[in-house]
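Data block below; observations after.
The values are calculated or read from the model by the stated rules, or taken from the named source; none is laboratory data. Computed from a prediction, not measured in an experiment: that's the story for all the values here. Cβ placement follows ideal geometry from the backbone for every residue including glycine, while neighbour counts extend to all protein chains displayed.
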Amino acid sequence: MTTAELHFLLDGRDIRLHQVSPTTTLLNWLREDEGRTGTKEGCAEGDCGACTVVVAEARDGELVWRSVNACIQFLPTLHGKALFTVESLRAAKGGGSVHGGIRGMGESLRAAKGGLHPAQAAMVSCHGSQCGFCTPGFVMSLFGLYQTEAAPDGDAVADALSGNLCRCTGYRPIVDAAQEMYRLPAPDGELPAPQWQNATDPAAQALLDRLVRMNADDATLDIVHAEGRFTAPRGLDELASCVATHPDATILAGSTDVGLWVTKQFRALPHLIYLGRARELTRISETDGWLEIAAAVTLEDAFEAILPHYPELTELWRRFASRPIRNAGTLCGNIANGSPIGDSMPALIAIGAEVVLRHGDRTRALPLEALYLGYQKKDLAPGEFVQCVRIPLARGPLDEHLFRAWKISKRQDQDISAVFAGFSIIHHHGIVSSARLAFGGMAATPKRASHAEAALIGRPFDAATLSDARAALALDFQPLSDMRASAEYRMNVAQNLLTRLHHELAGHPTRIDSVEADHAQH
């Protein structure tokens, strides 16, 4: 069963579209078709946050709220979901509506006489805007935070705002607004109450019921347009058959990379096959000692499942990308992309992760490092795709297993890696029995350092072993120079990360805050 009708909710209003180009971005549709110009275009690549909107969907009997970048989300991916923009945060009784930046919020404040959403009112009272261009995006990130967390600490606020840039106001008033909004009265309007505030809120329950009904059937969304085709199967078997039948189609998950093919490279994508509606591909499970993360699971959900088993990846999670990118992009998409500077692969290779590949009704598993054959070349047959990634859960005693993942980039946050290293060392009585060292940014693919591993295994990780392992890295890699780093810098950094690993194994602090705490104790 198929349908050609794109159906989603906007402020509770049914939107039904029959003729839409599959690569129409949500941002362009909002501005050009709906006249909702509060959602701004800044970077058109998901970096600045001026286009932030919030999407709600039904999952396991609950409403799930996510902030996403409208500039790189294709409109058909909204099928079966509910959309909220800055104009949505209107006061139902006041009649005011937010159009544009702070000016629009001021107009709504006068019209509604205090009926603003707390996220808006807090931005006004804390003077969180100057030119106002970025303000709607900040407001929507705050709205997303307000809907999902009852008492966020400073780190949670910073994480929620990590995808929004402001050039003139500065961030302190905006961070103040994030705290202030929880001290203001609840919105007097028709928006669903936050999930932490009232689980039985009539508006929330009504929205959930509508979304459940919208997604009750098994119909494949299949939009055929003069500019391309968009197919979104509801089941894994149907999806696998579709990909096998159309091996030249572009597989779409979170569109955090594919979206840029359209907005920056202006590429034509004749046929998109979307993974996000295949139920089986949105699941996370634990089976036979493996954590299985399916292809449509978002980065945010994937890290939430991984961190209890590998808390050492907390920094990778925080620095991987902004919250809206992690809310849309998928872990398997990052893996399937195969970029030599992708952040997840070195860490997962060091852990010993596997990928399960699907072609029609057949599957095969292989170590993650074996997926990459060369620059942008993968061991994927035509019509084959990554079904899931499997992460081993069994770990030895923590005093015998050292696992670390470190990212080196020009900026601390929201930046592409110059070098990424994942290290997994097992040692008994001071002797290294197993070593998996994986690097990104050092070669045409994410790659293990086999010579350096051999220099460690069977030896105590002492100064002499460290010296040999550092030297062996020159046999493993011949990095390139580019805009992010020179070849010499990359090699020096990779060798220094091995030295850092040596210090960590010896129990010495290697972070500034840890060193300061250590000095304070002594």
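Residues in the stretch 223-238 that are within 19 Å of Phe74 (Cα to Cα), surrounded by 15 or more Cβ atoms within 10 Å (Cβ to Cβ) and out of contact with any Gly (no Cβ under 8 Å at 6 or more places or on another chain): Ile223, His225, Gly228, Arg229, Phe230, Thr231, Pro233, Arg234. For the stretch 137-175, give me each residue that is in a helix (DSSP H, G or I), charged (D, E, K, R) and closer than 19 Å to Ala50 by Cα. Answer for the stretch 137-175, where residues must be in a helix (DSSP H, G or I), charged (D, E, K, R) and closer than 19 Å to Ala50 by Cα: Asp159, Arg172. Within the stretch 46-60, identify whether any single residue is modelled with pLDDT under 95 and of a type in the set (S, T, N, Q), and answer yes or no. No, the stretch 46-60 has no match at all. The single condition among (1) part of a loop (DSSP other than H, G, I, E, B); (2) within 24 Å of Leu373 (Cα to Cα) that Ala421 does not satisfy is (1).
Say we look at the stretch 449-481 and pick out the residues that are under 32 Å from the mean Cα position of the chain (by Cα) and polar (S, T, N, Q); which of these is farthest from Ala438 (Cα to Cα)? The qualifying residue farthest from Ala438 (Cα to Cα) is Ser481.
Applying the criterion of being touching a residue at least 24 places away in the same chain (Cβ under 8 Å) and more than 15 Å from Gly46 (Cα to Cα) to the residues of the stretch 254-272, the residue that is nearest to the chain's Cα centre (by Cα) is Leu272. Would you check if there is a residue in the stretch 219-229 being at pLDDT 95 or above, under 23 Å from the mean Cα position of the chain (by Cα) and among the hydrophobic types (A, V, I, L, M, F, W, C)? Checking the stretch 219-229: not a single residue is at pLDDT 95 or above, under 23 Å from the mean Cα position of the chain (by Cα) and among the hydrophobic types (A, V, I, L, M, F, W, C).
Among the residues making up the stretch 411-441, a single one is over 19 Å from Ala463 (Cα atoms), aromatic (Phe, Trp, Tyr) and out of contact with any Gly (no Cβ under 7 Å at 6 or more places or on another chain): Phe439.
Given the structure, is Ala370 out of contact with any strand residue (DSSP E or B) (no Cβ under 6 Å at 6 or more places or on another chain), part of a helix (DSSP H, G or I) and either at pLDDT 95 or above or of a type in the set (Phe, Trp, Tyr) (or both)? It is true that Ala370 is out of contact with any strand residue (DSSP E or B) (no Cβ under 6 Å at 6 or more places or on another chain), part of a helix (DSSP H, G or I) and either at pLDDT 95 or above or of a type in the set (Phe, Trp, Tyr) (or both). Would you be able to tell me the number of residues in the stretch 330-352 that are assigned to a loop (DSSP other than H, G, I, E, B), surrounded by 24 or more Cβ atoms within 10 Å (Cβ to Cβ) and of a type in the set (A, V, I, L, M, F, W, C)? Looking only at that region, the number is 0. Residues that are of a type in the set (A, V, I, L, M, F, W, C) and part of a loop (DSSP other than H, G, I, E, B) within the stretch 29-78 comprise Cys43, Ala44, Cys48, Ala50, Cys51, Ala70, Cys71, Ile72, listed in sequence order.
Just one residue in the set Ala485, Ala494, Ala464, Ala472 is within 18 Å of Thr445 (Cβ to Cβ) and part of a helix (DSSP H, G or I); that residue is Ala494.
Condition check ((1) in the same structural domain as Ala321 (by TED's automatic domain parsing); (2) at pLDDT below 95; (3) of a type in the set (D, E, K, R)) across all residues:
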site	(1), (2), (3)
Thr25	no, no, no
Cys71	no, no, no
Lys81	no, no, yes
Gly104	no, yes, no
Leu109	no, yes, no
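Selection of the stretch 244-266 for residues being crowded, with 24+ Cβ neighbours inside 10 Å and touching a Cys at 6+ places or on another chain (Cβ under 9 Å) yields Ala253, Gly259. Here Asp217 passes the criteria (1) touching a residue at least 24 places away in the same chain (Cβ under 8 Å); (2) outside the structural domain of Cys71 (by TED's automatic domain parsing); (3) not in a helix (DSSP H, G or I) except the one numbered (2). Among the residues of the stretch 405-437, write down those that are under 21 Å from Arg326 (Cα atoms), touching a residue at least 40 places away in the same chain (Cβ under 8 Å) and basic (Lys, Arg). Matches in the stretch 405-437: Lys407, Lys410. Listed by first and then second residue, the pairs linking a residue in the stretch 168-193 that is without any contact (Cβ under 8 Å) to a residue 12 or more places away in the chain to a residue that is part of a helix (DSSP H, G or I), with Cβ atoms under 7 Å apart and 6 or more places separating them unless they lie on different chains, are Ala193/Ala203; Ala193/Ala204.
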